[in-house]
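This report concerns only the one structure given below.
The values are calculated or read from the model by the stated rules, or taken from the named source; none is laboratory data. These figures come from a predicted structure and were not determined experimentally. All Cβ positions, even for glycine, are placed from backbone atoms using ideal geometry, and neighbour counts span all protein chains on display.
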Amino acid sequence: MHFDLVQLIETVGYLGIFAIIFAESGLFFGFFFPGDSLLLTAGLLASRGILDERILVPGLFVAAVAGDSVGYWFGAKTGPRIFNRPQSIIFRRDNLLKAKAFYDKHGGKTVTLARFLPVVRTFVPIVAGAANMDYRRFLAFNLLGGLVWAVGLSLLGLFLGRTFGSVEGVDRYFTLLVLAFFLIPGIPALVHLWRGSREEILARVRTLLRRGA
């Protein structure tokens, strides 16, 4: 965490903060934005009275949910055309079908948990749209993800600011944040994913071992 992030927030204000969270949540060019640190720092600044949490927190929630929804519809509109290109090497139709099968089974958990993974959170809603994930299901987990990520991190920053009274050194608390908001809730999901995919994974490992032998 660097002080220039504080200066950025003070310069761009509420609309700038909301625009950054919106872009990182679902616009393909927004993957490089510092969403987690931005949310924490905004909450810290709110604890100092520089920002009003009554405006900040609801605005962050709306921006995060709206960004994911735009990403979903972007993927839904452009994904099939990209994946159906006959000469495409990366965007092949069978990859889209695999993505659809994955999202049919694990899409809800993915949409929510991806919020805590930089870069990944930007592309997950786009792939969900391209894979034709049911939008009502997507929206439900989008709302949950926006709540635990945008609202949760900003309120955590507010709590840290009021408890410790300093913006400096917030990185040391970010480790605790990751444990509390991602690793611990993600353990059941990871176990479930492993149980559902372990046979396929083990089969591929055995195939690789036989080839190596």
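Read through the list (1) crowded, with 16+ Cβ neighbours inside 10 Å; (2) of a type outside the set (Lys, Arg); (3) modelled with pLDDT of 90 or more, then give the number of the only condition that Leu15 fails.
Every listed condition holds for Leu15 apart from (1).
What is the one condition in (1) surrounded by 22 or more Cβ atoms within 10 Å (Cβ to Cβ); (2) touching a Phe, Trp or Tyr at 6+ places or on another chain (Cβ under 7 Å); (3) not basic (Lys, Arg) that Ala42 does not satisfy?
Every condition holds for Ala42 apart from (2).
Identify, by number, the condition in (1) at pLDDT 75 or above; (2) crowded, with 21+ Cβ neighbours inside 10 Å that Tyr103 doesn't meet.
(1)
Under the condition of being farther than 17 Å from Val148 by Cβ and not aliphatic (A, V, I, L, M), which residue from region 38-52 is modelled with the highest pLDDT?
Looking at the filtered set, the residue picked out is Asp52.
Among the candidates Gly35, Gly59, which residue alone is in contact (Cβ under 8 Å) with a residue 12 or more places away in the chain, buried (at least 23 other Cβ atoms within 10 Å of the Cβ) and either within 20 Å of Trp149 (Cβ to Cβ) or touching a strand residue (DSSP E or B) at 6+ places or on another chain (Cβ under 9 Å) (or both)?
Working: Gly59 fails: buried (at least 23 other Cβ atoms within 10 Å of the Cβ).
Going through Gly35, Gly59 in turn, just one is in contact (Cβ under 8 Å) with a residue 12 or more places away in the chain, buried (at least 23 other Cβ atoms within 10 Å of the Cβ) and either within 20 Å of Trp149 (Cβ to Cβ) or touching a strand residue (DSSP E or B) at 6+ places or on another chain (Cβ under 9 Å) (or both): Gly35.
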